[in-house]
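Working notes, beginning with the structure itself.
All of the numbers you see were taken from the coordinates with simple rules; none came from a lab. What you see is a predicted model, and the numbers here were worked out from it, not measured in a lab. All Cβ positions, glycine included, derive from the backbone under ideal geometry; neighbour counts span all protein chains shown.
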């Protein structure tokens, strides 16, 4: 009996030790702020970007009430990321500028993550020069996820603008990153590698792009998976595999068409034409 | 005729000495008094002061009957005479008027002159000066312009011409209308056109009679339907009675509506608080779930997933 009581006490004490976590940031003592941030994150994960934006705005307002610069940066960063995901790069840019101004008033250090968002927004707006310039600072950070994503943006911008030096810088940064790296960074690395090989070795580039598509699917980034499929289709087309290219274009187009956002619909139309006129919405209800 | 001066031996009653001298003195005094009166009356001043010279330029039509010595009037009163009529090198005519001094203040730079006839359409012409109200005239070279008075005869002629130009087309139109009416009536009498056929041909009247007969037939066929309509109307009347009854029931229910609304209001007043409590409970549950997930006994790592709590991971930044 004594053994049972002692073992139960030991288990309870261990459980108590396990339930303690690291102290949360100060702003999370504010229930309104904390709840808005948590709800925003849940909405973002469910791809309900409008709800996420609304919650992050509420959190930002609460941070302003608290006169809390770091909390404001956090809420503003999340809001800008949500706007980017919703296909509103112009709004994301404005959010980044507003948050930077707010931090400047409070003499807080600027957050490098905001530079990453700014670079992504400029890339969506097809301002590749500015995107490469803004991606340089976060790419130099020690945080692998941050640096990996910045390198991806620089590489994509370099490829789209024909700036091979930027593409090579991005590839070098990702290639020299110490292991282990997250799945996301691994996919970024393979995608940039595929882009740098697409002209010289399209077959290998297609293979890499297919791997990227699988990785993106596993982590739930379907829009990036569509982009990887389109990259694979482009590589197949260059290597002369036109049937394979058409199939990949069709898969990319249907995936993009099933997603929200005006840019994705444009991409879907373009890729559908390259596939030779594929049915973009095969499961759509019949027209009345 | 001849008088013989006889020596009078009778001594006069009154003897006057120096009679001639006294008479002479009286004559001189009379002359002096007369001169003083003339000076006092200003007659000499008028005689000695020269008249004002006014030049009046004439219209292109010429002198319009003005003559040298003609009358010049101001405000209906005599104000001077025409001294001469001149022709200047540019071909214009003007007259020189001796203007009375008392008329000078009334003649200013904006004064004008009108050439009128004594009896409007007849008689001698004269210059009628208008009173001016502008800047004073420079009497060293005073010039005003004259215009002829409108001729009433010309105005009457113009008015008659206007009346003629307006009436003649109207008369022509009236004549044309009457001709058309005459032609139309003639054609109608001859049986031309629809109206003419109506007047001369009785086929249309016969058709109308046939139509009336057909209408009578239709009306007789409609009579059974009229009976059916009466039935329908009676049913509609019963339906309306039901509706009225329903309305009465609704009216009876209406007094209870405020109480029902108040109950609903009381119930809904608690809803915001209930929702907030539910929201808070759900959030607490979520936090509890996250903590339970983190417990190593339940397979968690014991550490929060993201050390930078609240920040979305960089992989969510979509290029």
Rough spin-label spacing in nm, given labels placed 7 Å along Cα→Cβ, for residue B:186 and residue B:219
4.5 nm
What's the ranking of B:247-256, A:142-151, A:76-85 by average number of surrounding C-beta atoms within 10 Å, highest first?
A:76-85, A:142-151, B:247-256
Stokes-Einstein D for the protein assembly as shown at 37 °C, 0.692 mPa s, Kirkwood Rh over Cα pairs, in µm²/s?
83 µm²/s
Sort B:21, A:141 by Cβ crowding within 10 Å, fewest neighbours at the top.
B:21, A:141
Largest first and in whole Å, what are the equivalent-ellipsoid semi-axes of the range B:172-319 based on the Cα gyration tensor, each being the root of 5 times an eigenvalue?
93, 38, 19
Separation of the residue A:130 and residue A:203 label points, Cα + 7 Å toward Cβ, nm:
4.3 nm
Gain in span if fully extended, residue B:212 to residue B:41, counting 0.36 nm per residue against the direct Cα distance:
50.3 nm
From Cα coordinates alone, what are the radius of gyration and Dmax values for chain A in angstrom?
22.4, 77
Using only Cα atoms, locate the centre of the range A:211-288 and the centre of the range B:202-275, then give the distance between them in Å, rounded to an integer.
61 Å
Cut-off 10 angstrom, C-alpha nodes, Gaussian network model of chain A. Which of A:172, A:95, A:109 fluctuates the most?
A:109
To check my understanding: the extent here is largest minus smallest coordinate of the Cα atoms along each principal axis. What are those three numbers for the range B:116-177, in Å, largest first?
70, 29, 16
Given the convex hull of the Cα atoms of the range A:28-110, what is a quarter of its surface area in nm²?
4.8 nm²
Grab the beta carbon distance between residue B:27 and residue B:101, set R0 = 25 Å, and tell me the FRET efficiency rounded to 0.05.
0.15
The ratio Rg/Rh over the Cα atoms of chain B, Rh being the Kirkwood inverse mean 1/r radius, stands at 1.62
Residues B:107, B:38, A:105, B:14, sorted so that the one with the fewest Cβ neighbours within 10 Å comes first
B:14, A:105, B:38, B:107
For the range A:198-275, take the alpha-carbon Rg, divide it by the Kirkwood Rh, and send me Rg/Rh.
0.97
With N denoting the number of residues in the range B:51-149, provide Rg(C-alpha) divided by 2.2 N^0.38 Å, to two decimal places.
0.98
Angle check, please: helix A:69-85 long axis (alpha carbons) against the longest principal axis of chain A (alpha carbons), in degrees 0 to 90, nearest 10.
30 degrees
Compute and list, largest first, the equivalent-ellipsoid semi-axes of the range B:166-213 from the alpha carbon gyration tensor, each √(5λ) rounded to a whole angstrom.
36, 11, 5
Backbone N under 13 Å from the residue B:204 label point (7 Å along Cα→Cβ), restricted to the range B:167-190:
B:188-189
Computed on Cα atoms only, the convex hull of the range A:143-276 has an orientation-averaged projected area in nm² of 7.7 nm²
Obtain the nm distance between the two label points defined at residue B:48 and residue A:106 by a simple spin-label model: each point lies 7 Å from its Cα along the Cα-to-C-beta direction.
11.2 nm
0 to 90° range, to nearest 10: angle between helix B:271-294 axis and chain B longest Cα axis
60 degrees
Rounded to 10°, Cα long-axis angle of helix A:49-66 versus longest principal axis of chain A:
40 degrees
Enter the per residue convex hull volume of the range A:103-204, computed from alpha-carbon coordinates, in Å³ rounded to the nearest integer.
101 Å³
